[in-house]
Amino acid sequence: MRILLIEDELKLGAFVTRGFIAESYAVDVASDGEEGYALSQVYPYDLILLDLMLPKIDGYEVLRRIRQKNKAVPVLVLTARDAVEDKVRLFEAGADDYLTKPFAFAELLVRSKALLRRGTATRSSVLKLGDLELDRLTQTVKHTGKRIDLTTKEYALLEYLMLNPGRVLSRNMIIEHVWDQSFDGLTNIVDVYVRHLRIKVDDPHDHKMIRTVRGAGYMIVGKDAI
Ligand code: CA
């Protein structure tokens, strides 16, 4: 899942980003309101973490614009203010939750997961394809009921493939969804991770799910596909 963090305090931004990356999320950081709003319109984020006191456009205005354009994405506000009237104003503005600074990362993670769960409540949090099952909340993967241990990036790659079964995903699309903006390495990182994933997901089984589409990219297919 991909998170947008709009926060101008660099230290806090780095701290939060590190925490989420360790939990297999991809995180983009915007350091002012303008950039944050722009990014929120470009990528389909699963969650937005929003500071209120921001350069250029403040958090309330960012929230107002996001809600005008895209009602679905959950927004968790990180605020230094704890006055009651501000909380009311926050929920009226369309925030889903808030956390007062300073906070422990563990609490931010719990609240974020709660919002992500709400977001996936309409569809199931479990993605199924053939014998493969991926639970987006517990971040566990099973094949024919047997647990497969994946690294955070392998998990994120498989999740993206399974969200798009039967669809060819280019290396650039994969990088955009699984890695984050800070990634400026070579696109063959995708090939390397696909190879790792195949060893764990496909090698033990006759039916190979992860397919290479020559010149185009990769796709994952279920059992009925040839
Ligand atoms: Ca701030």
Restricted to the chain, the DSSP antiparallel beta bridge percent, nearest 5, is 50 percent
For region 2-119, shape from the Cα gyration tensor axes a ≥ b ≥ c, cut at a/c of 1.5 then a/b versus b/c, turns out rounded
Per-residue accessible area, 1.4 Å probe, largest first, puts Glu34, Glu92, Glu23 in the order Glu92, Glu34, Glu23
For the Val88, Val110 Cβ pair and Förster radius 22 Å, calculated FRET efficiency rounded to 0.05 is 0.40
Using a 1.4 Å probe on heavy atoms of the protein chains only, the accessible area for Thr144 in Å², nearest 10, reads 90 Å²
Sorted list, accessible surface of protein heavy atoms, 1.4 Å probe, largest first, for Phe15, Phe91, Phe20, Phe103 is Phe91, Phe15, Phe103, Phe20
So the angle from the long Cα axis of helix 152-163 to the longest Cα principal axis of the chain, reported in degrees to the nearest 10, equals 80 degrees
Candidates Asp149, Asp97, Asp32; GNM for the chain (alpha-carbon contacts under 10 Å) flags as most fluctuating Asp149
Over the chain, the sum of -39500 (n - 2.57) across DSSP H runs of at least four, divided by residue number and rounded to 500 deg cm²/dmol, gives at 222 nm -12500 deg cm²/dmol
Carbon and sulfur atoms account, in whole percent of the 1.4 Å probe accessible area of region 1-54, for 59 percent
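The values are calculated or read from the model by the stated rules, or taken from the named source; none is laboratory data. Bear in mind that the values here come from a model prediction, so they are computed numbers and not experimental data. Note that each Cβ is placed from the backbone with ideal geometry, even for glycine, and that neighbours are counted across all protein chains shown. The area values use the complete protein model at the heavy-atom level, side chains included, leaving out ligands, DNA and RNA. Shrake-Rupley method; radii C 1.70, N 1.55, O 1.52, S 1.80 Å.
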